[in-house]
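Here's the structure, in structure tokens; my notes come after.
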Amino acid sequence: MKQFLLCSMLAVALASSGCQKKPAAAPGGAPGALAVQVVVVEAKVQPVNETLSLVGSVAANEMVEIKSETDGAVEEILFTEGQPVKKGDLLIRLDESKFIAAVNEAEANFKLTETTYERNKQLHAEKLVSQQEYDQSAAQYQASKASLDLKKRLMKDARIYAPFKGMMSSRQVSAGQVIARNTTLTWLIDLDPVKVELNVPERFVSQLQLGQKIEIIVAAYPGRTFGGEVFFIAPFVESATRTALVKARIANPKAELKPGMFANLNLTLKLKEEAIVIPESSVMASGDRTIIYVLDKDDAAQIRPVKIGLRQAGVVEIVTGLKAGERVVAEGIQKIRPGAKVKPSVPDNTLSPPPKA
């Protein structure tokens, strides 16, 4: 009897345990699955910009090769290499002795012809000299005047002045050296500001505007940026390269940028002051759609199709499909499915601001 009672009780217990309800399955996961921990960020509003990376070349604002317009011996050099000079400063003086003699001779001839002309002019008025004689004296007077002006101009060529403010380069002559006309003496360079010249592909030309801000980086100063703005856009596109020449000015008060340097340049093409951005890791491609996971009020991950806009380092602009402040899954996307409960955690670093335009 005891064995029968024990067997009956065991059968009842097994039957009752089999009738108990199974635990409800967690949304989007296996029965009894725990909420998945993911990194969640809020969609933020911040400025974004589209930039074009190019390689350009630094050029001087003004740069001329100082040459002599006449033959002669170098009498005096009045500048030192690397010296800043102002417009009109005397740089080099040639031997002026032969020019002074030529001017004195021309002045004597001019005075003689001037006296003859004035006398014949008075006599011609009194009908005491012929018209031919008067005309000859007038022509000689004009010729001697022109000759004197030319000799004075040649004497002026013996003195070489700075045509603009700038910095002197290395000199190519020494005092006492006899030089020929068109001999290179030195270079004068204006380094503040400098120009950056670059060739922009034609498909970006329509997005260029005068006054656009740029930033360049040069190998000589790693980690530093130099800012400027566009002041020239070529009115035509080179048929061989399909590019347009663009120039920008950059302040260079310490003469750190030198002509000929390569410049890695970021040219701002588009700028939006208020754009909704999320981490780039939040975006997924699903066929021809772009989707993200957005958390609802119950911390359940829901799929949301969106349209993206500008991209920057680490972030992407959302044009449609998302509002500022909504929570988006940034990390752990591969571990969840639509409707899955998640455990949000805040990332160590929030969205970083975009580079300055």
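Six or more apart or on different chains, Cβ atoms under 9 Å: show the pairs whose first residue is in the range 86-100 and in contact (Cβ under 8 Å) with a residue 40 or more places away in the chain and whose second is in a helix (DSSP H, G or I).
E96/M155; F99/K151; F99/K152; F99/L154; F99/M155; F99/K156; I100/M155
Taking the condition of being of a type in the set (D, E) and not in a helix (DSSP H, G or I), how many residues in the range 67-126 meet it? Spell out how you get there, then give the answer.
First, the residues of the range 67-126 that are of a type in the set (D, E): 69, 71, 75-76, 81, 89, 95-96, 105, 107, 114, 118, 126.
From what's left, not in a helix (DSSP H, G or I): 69, 71, 75-76, 81, 89, 95-96, 126.
Going through the range 67-126 one residue at a time, the tally reaches 9.
Considering only the range 97-122, state which residues are surrounded by 15 or more Cβ atoms within 10 Å (Cβ to Cβ) and hydrophobic (A, V, I, L, M, F, W, C).
F99, A102, V103, A106, F110
Among the residues of the range 306-325, which ones are more than 21 Å from T268 (Cβ to Cβ) and surrounded by fewer than 18 Cβ atoms within 10 Å (Cβ to Cβ)?
Taking the range 306-325 first, the residues more than 21 Å from T268 (Cβ to Cβ) are 306-307, 320-325.
Within the range 306-325, K307, T320, G321, K323, A324, G325 meet the criteria.
Taking the range 101-129 on its own, how many of its residues are of a type in the set (F, W, Y) and over 15 Å from K145 (Cβ atoms)?
0
Please state which of the following conditions R203 fails to meet, knowing it meets all the rest: (1) in a loop (DSSP other than H, G, I, E, B); (2) within 59 Å of the chain's Cα centre (by Cα); (3) at pLDDT below 90.
R203 satisfies all of (1) in a loop (DSSP other than H, G, I, E, B); (2) within 59 Å of the chain's Cα centre (by Cα); (3) at pLDDT below 90 except (1).
Could you please find all residues in the range 228-246 being out of contact with any Gly (no Cβ under 9 Å at 6 or more places or on another chain) and touching a residue at least 24 places away in the same chain (Cβ under 8 Å)?
G228, I233, V237, E238, T241, R242, T243, A244, L245 - these are the residues of the range 228-246 that are out of contact with any Gly (no Cβ under 9 Å at 6 or more places or on another chain) and touching a residue at least 24 places away in the same chain (Cβ under 8 Å).
Which one of the conditions (1) crowded, with 17+ Cβ neighbours inside 10 Å; (2) on the phi > 0 side of the Ramachandran plot does Q140 fail to meet, given that it meets all the rest?
Against the list (1) crowded, with 17+ Cβ neighbours inside 10 Å; (2) on the phi > 0 side of the Ramachandran plot, Q140 comes up short only on (2).
Since A330 meets every condition but one in (1) more than 30 Å from F226 (Cβ to Cβ); (2) free of Cβ contacts under 8 Å to residues at least 40 places away in the same chain; (3) assigned to a strand (DSSP E or B), which condition does it not meet?
Here A330 meets the rest and fails (2).
State whether the residues of the range 117-140 include one that is under 19 Å from K67 (Cβ atoms) and touching a Leu at 6+ places or on another chain (Cβ under 8 Å).
No, there is no match, as no residue in the range 117-140 is under 19 Å from K67 (Cβ atoms) and touching a Leu at 6+ places or on another chain (Cβ under 8 Å).
Conditions (1) more than 22 Å from V48 (Cβ to Cβ); (2) in contact with an Asp or Glu (Cβ under 9 Å, 6 or more places away or on another chain); (3) at pLDDT 90 or above, marked per residue:
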{"residue": "A285", "(1), (2), (3)": "no, no, no"}
{"residue": "I303", "(1), (2), (3)": "yes, no, yes"}
{"residue": "G309", "(1), (2), (3)": "no, yes, no"}
{"residue": "E326", "(1), (2), (3)": "no, yes, yes"}
{"residue": "V329", "(1), (2), (3)": "no, no, yes"}
{"residue": "Q334", "(1), (2), (3)": "yes, no, no"}
{"residue": "P338", "(1), (2), (3)": "yes, no, no"}
{"residue": "P347", "(1), (2), (3)": "no, yes, no"}
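The values are calculated or read from the model by the stated rules, or taken from the named source; none is laboratory data. These numbers come from a predicted model, not from an experiment. Every residue, glycine among them, receives a Cβ derived from its backbone with ideal geometry; neighbour counts consider all protein chains shown.
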